[in-house]
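The structure appears right after this line, and notes come after that.
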Amino acid sequence: MSSSGASAGAPPVGEPNHLRRFLTIWIVATLIALPLVIFVLGPELPPGHGSEQATGHVTDNTVLLAMGTPVLLLVTIYLLYAVFAFRQPRGGVLEGPAVRGHQGLQTAWIVITSTLVLSLAAYATVRLLGDEGAGSGSGPTPLTVPPGKKLPVQVIAQQWAFTYRYPTYGGVETTHLELPVDQMVELHVTSLDVIHSFWAYQLGVKADANPGVDNVAFVEPTKIQTFEVHCAELCGIWHGGMFDHGHVVSAADFETWIHQQQVTFAPATKALPKYSKTYLPEPTRRGE
């Protein structure tokens, strides 16, 4: 046997230390990429800053992207490094060394991936509880409710439009959604027929609209704006046309608008059923 003194696992004579080289490249790339992701790309992530909830989504997306960036760089750089550093010579047919496991690497992999997953689970739980559902529907009895005064607005879905009822303004029902800026809104989302989904993208709100269910979501718009409203659940042939624009306006403009709606829709309001958190109309009975 040779007595060269080379330890097992050491690179052959003249061969660079690939592990050290790879780790150096990965660490440098990560240190460059992370500030760009957090401070340059992060603020531009969707859905924007139209509400407190939307801003929270941007923060969450930035955290997820920042945590995923080192992992993405690790995989990408490793693949590129392997392609160039371990390329087989032209015409050569070489067998690589038999690899039968590496206890240290396996342990590090389990610890690191478990830490990442558990950290994300803890972060998501804290964010959902601290942000009152983060703009998602929380069912009829939300686990957390924001303090202070809230404007209740009922979102009523049906094939193929949303209408909006304001119980504190005589139960008037309007065909467009208008909200006051800098005021917490308590949305009660329900349906008259099939399952829909109320999605106000720029406000960071998305809540399923199920018949017979009061699905509560909270949102606080932070700037005067026009936002899009979509149905995000396939609900029939005209699902793609279930689209509208909503508006966030000043408190004074909202009061003017809602009083105009009360006058305009007064005849319809008298014919509407008494305000309820859910509506479940009797199915139409077919004659024999």
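The values are calculated or read from the model by the stated rules, or taken from the named source; none is laboratory data. All of these numbers come straight from a predicted model, not from anything done at the bench. When we count neighbours, we look across all protein chains shown, and the Cβ atoms used for this are built from the backbone with ideal geometry, even at glycine.
Only a single item in (1) surrounded by 10 or more Cβ atoms within 10 Å (Cβ to Cβ); (2) modelled with pLDDT under 95 is not met by residue 4, and it is number (1). Looking at 178, 186, 228 in this structure, which one is within 25 Å of residue 58 (Cβ to Cβ), touching a Lys or Arg at 6+ places or on another chain (Cβ under 8 Å) and either charged (D, E, K, R) or not assigned by TED's automatic domain parsing to the domain that holds residue 251 (or both)? Going through 178, 186, 228 in turn, the sole match is 186.
Could you list, in sequence order, the residues of region 38-66 that are more than 28 Å from residue 181 (Cβ to Cβ) and surrounded by fewer than 16 Cβ atoms within 10 Å (Cβ to Cβ)? Answer for region 38-66, where residues must be more than 28 Å from residue 181 (Cβ to Cβ) and surrounded by fewer than 16 Cβ atoms within 10 Å (Cβ to Cβ): 38, 40, 64.
Here 94, 36, 41, 105 are screened, and the one residue that is modelled with pLDDT under 85 and outside any loop (DSSP other than H, G, I, E, B) is 105. Within region 199-243, the residues that satisfy the criterion of being touching a Gly at 6+ places or on another chain (Cβ under 8 Å), not in a loop (DSSP other than H, G, I, E, B) and not aliphatic (A, V, I, L, M) are 202, 206, 208, 215, 218, 221, 225, 226, 227, 228.
Confirm whether residue 198 is closer than 18 Å to residue 56 by Cα and out of contact with any Lys or Arg (no Cβ under 6 Å at 6 or more places or on another chain). Answer is no for this residue.
Among the residues examined, residue 82 does not qualify as buried (at least 16 other Cβ atoms within 10 Å of the Cβ), more than 30 Å from residue 248 (Cβ to Cβ) and not β-branched (Val, Ile, Thr). Do we have any residue at all in region 109-125 that's aliphatic (A, V, I, L, M), in a loop (DSSP other than H, G, I, E, B) and under 19 Å from the mean Cα position of the chain (by Cα)? Within region 109-125 (the criterion being aliphatic (A, V, I, L, M), in a loop (DSSP other than H, G, I, E, B) and under 19 Å from the mean Cα position of the chain (by Cα)), the answer is no, since none of the residues qualifies. Inspection of region 55-76 identifies at least one residue that is among the acidic types (Asp, Glu) and modelled with pLDDT of 90 or more. Filtering region 142-164 to residues that are of a type in the set (Val, Ile, Thr), assigned to a loop (DSSP other than H, G, I, E, B) and in contact (Cβ under 8 Å) with a residue 24 or more places away in the chain leaves only 145.
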